[in-house]
Amino acid sequence: MLKRILSLSTQKGDNLKSVYYIVANESGLTRTEIAERAGLRLSTCIRLTDELLESGLIYESGEAESRGGRKAIKLAISPKVNYLVGIDISRTYTKVLLLELNLTIAEEKSFVMNETSTPDVIIQKIIFTIYSMLKKQKLDVNSLLGIGVSAIGPLDTVKGMIINPQQFPASGWTDVPIVKLLKEEFASQVILDYGENTALKAENRLGIARSDRTVIHINKGIGIRLGLMINGEIIRSESKAGAFGQGHMVVDIHGRKCTCGNYGCMCAYSTIPALIKEVQFQLKRGANSLLQNRVEECSALTFSDIVRGLEEGDQLCKEVVR
């Protein structure tokens, strides 16, 4: 039923979708509030919400606070009418989520990315995981409404391709048509976007930036990723290289060489590889640190070692991170 409504292209269909999206994005609204947000007459909104109620796509979730007179009824979407899949592909892990329509997690699985994690291997793992999750929840594949994929750039989000991400642990991640491959398997809508944008959207929908209209989200890991929302809209770079240079802003023109080939990029100073390299350098110079007795060779140093040092108040780790 939901798939049919989402496919409608009539004026009534557009209004039904608008009302449904409003209820989905802001659960607990009354008909009057929904009508205001949708720009519809209250009588029209009542007819549309009644149709969605009769179809089982939304339900009455309780009573709103009374402002005098009869209490208004709040509405919410029925979360188990269909399901969604979320996929996050990073340099360190790939995660697959099976989600109810209200974004409650029904199933979750992660696998580590290593030198064997080629596109063929990872995509087959993703497909197998999705089928396994559906089977465990006793769901038919047709209950899958859509798949959202977040990944490391550069991406071609129009063609649905992962182009050529840097520093992946395995080879082969060049011009990978991940959207096409998943669509062929599941006959479902598939969307690809930069991980920084999907993370920003999630924080705005459910997290610390909930309901905020202007938000900056910075993710620092193997690289630096920036998502930017202004007036409720995610701002996108015109370049396929990703949102705002992916941390390759030059902060020292005579500085360290970056993985991109330039010198002095922020990524060369403020990422996990940069922190490891700097701590290794300082240890080789004889810096006083708890790590001297924990790591037999500097080349064996990991980010987990640095985090542990921070937790125990190690001065070298604190200075490098600062």
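The values are calculated or read from the model by the stated rules, or taken from the named source; none is laboratory data. Every value quoted in this text rests on a predicted model; they were computed, and no experiment measured them. Neighbour counts are summed over all protein chains in view; Cβ atoms, including those assigned to glycine, are modelled from backbone coordinates with ideal geometry. We work out accessible area using only protein heavy atoms, side chains counted, and drop any ligands, DNA or RNA first. Shrake-Rupley method; radii C 1.70, N 1.55, O 1.52, S 1.80 Å.
If you check Gly153 against the conditions, is it assigned to a loop (DSSP other than H, G, I, E, B), touching a residue at least 40 places away in the same chain (Cβ under 8 Å) and closer than 22 Å to Thr92 by Cα? So that I can check it myself, show each step before the final result.
Working: assigned to a loop (DSSP other than H, G, I, E, B): yes; touching a residue at least 40 places away in the same chain (Cβ under 8 Å): yes; closer than 22 Å to Thr92 by Cα: yes.
Yes, satisfied.
Looking at Arg236, is it open to solvent by 90 Å² or more (accessible area, probe 1.4 Å) and within 30 Å of Met161 (Cβ to Cβ)? Give the derivation first.
Details: open to solvent by 90 Å² or more (accessible area, probe 1.4 Å): yes; within 30 Å of Met161 (Cβ to Cβ): yes.
The answer is yes for Arg236.
Give me the pairs: first residue in region 283-303 and more than 12 Å from Asp314 (Cβ to Cβ) and of a type outside the set (D, E, K, R), second residue open to solvent by 60 Å² or more (accessible area, probe 1.4 Å) and not in a loop (DSSP other than H, G, I, E, B), beta-carbon distance under 8 Å, and six or more apart or on different chains, which are they?
Qualifying pairs under 8 Å: Cys298/Lys284.
Taking the criterion of being open to solvent by 10 Å² or more (accessible area, probe 1.4 Å), farther than 28 Å from Thr302 by Cβ and among the aromatic types (Phe, Trp, Tyr), would at least one residue in region 193-215 satisfy it?
The answer is no, given that none of the residues of region 193-215 is open to solvent by 10 Å² or more (accessible area, probe 1.4 Å), farther than 28 Å from Thr302 by Cβ and among the aromatic types (Phe, Trp, Tyr).
Looking only at residues in region 112-128 that are at pLDDT 95 or above and touching a strand residue (DSSP E or B) at 6+ places or on another chain (Cβ under 9 Å), which one is nearest to Ser27 (Cα to Cα)?
Ile126
With the requirement that a residue be surrounded by fewer than 15 Cβ atoms within 10 Å (Cβ to Cβ) and either part of a loop (DSSP other than H, G, I, E, B) or in contact with a strand residue (DSSP E or B) (Cβ under 9 Å, 6 or more places away or on another chain) (or both), what does region 41-52 give you?
Within region 41-52, just Arg41 meets the criteria.
List pairs: first in region 114-135 and within 23 Å of Gly160 (Cα to Cα), second assigned to a helix (DSSP H, G or I), Cβ under 7 Å, 6+ apart or cross-chain?
If the second residue must be assigned to a helix (DSSP H, G or I), the pairs left are Ile123/Ile178; Ile123/Leu181; Ile127/Glu185.
Give region 164-180 a look and list any residue that's out of contact with any Phe, Trp or Tyr (no Cβ under 6 Å at 6 or more places or on another chain) and surrounded by 18 or more Cβ atoms within 10 Å (Cβ to Cβ), or say none. It would help to see each step written out before you state the result.
Here is the first cut: in region 164-180, the residues out of contact with any Phe, Trp or Tyr (no Cβ under 6 Å at 6 or more places or on another chain) are 164, 166-180.
Phe168, Trp173, Val176, Ile178, Val179, listed by residue number.
Please determine whether any residue of region 97-104 is modelled with pLDDT of 95 or more and either among the acidic types (Asp, Glu) or over 20 Å from Ile191 (Cα atoms) (or both).
yes
For region 59-77, state whether one or more residues are closer than 28 Å to Ile126 by Cβ, of a type outside the set (Lys, Arg) and buried (at least 19 other Cβ atoms within 10 Å of the Cβ).
Filtering region 59-77 for residues closer than 28 Å to Ile126 by Cβ gives 77.
Then keep just the ones that are of a type outside the set (Lys, Arg); that gives 77.
Cutting the leftovers down to buried (at least 19 other Cβ atoms within 10 Å of the Cβ) gives us 77.
For region 59-77, residues closer than 28 Å to Ile126 by Cβ, of a type outside the set (Lys, Arg) and buried (at least 19 other Cβ atoms within 10 Å of the Cβ): present.
Can you name every one of the helices (runs of 4 or more DSSP H) wholly within region 230-322 that holds 2 or more residues which are in contact with a Cys (Cβ under 8 Å, 6 or more places away or on another chain) and of a type in the set (A, V, I, L, M, F, W, C)?
Values: elements: 272-284, 303-311, 315-321.
Of the helices (runs of 4 or more DSSP H) lying wholly inside region 230-322, those with at least 2 residues that are in contact with a Cys (Cβ under 8 Å, 6 or more places away or on another chain) and of a type in the set (A, V, I, L, M, F, W, C) span 272-284, 303-311.
Identify the residue in region 13-40 that is open to solvent by 30 Å² or more (accessible area, probe 1.4 Å) and in contact (Cβ under 8 Å) with a residue 24 or more places away in the chain and, among all such residues, is farthest from Ala64 (Cα to Cα).
Per the stated criteria, the residue is Asn15.
Pairs under 6 Å by beta carbon, first residue in contact (Cβ under 8 Å) with a residue 12 or more places away in the chain in region 204-221, partner of a type outside the set (Gly, Ala, Ser) and open to solvent by 100 Å² or more (accessible area, probe 1.4 Å), six or more apart or different chains?
Arg213/Asn231
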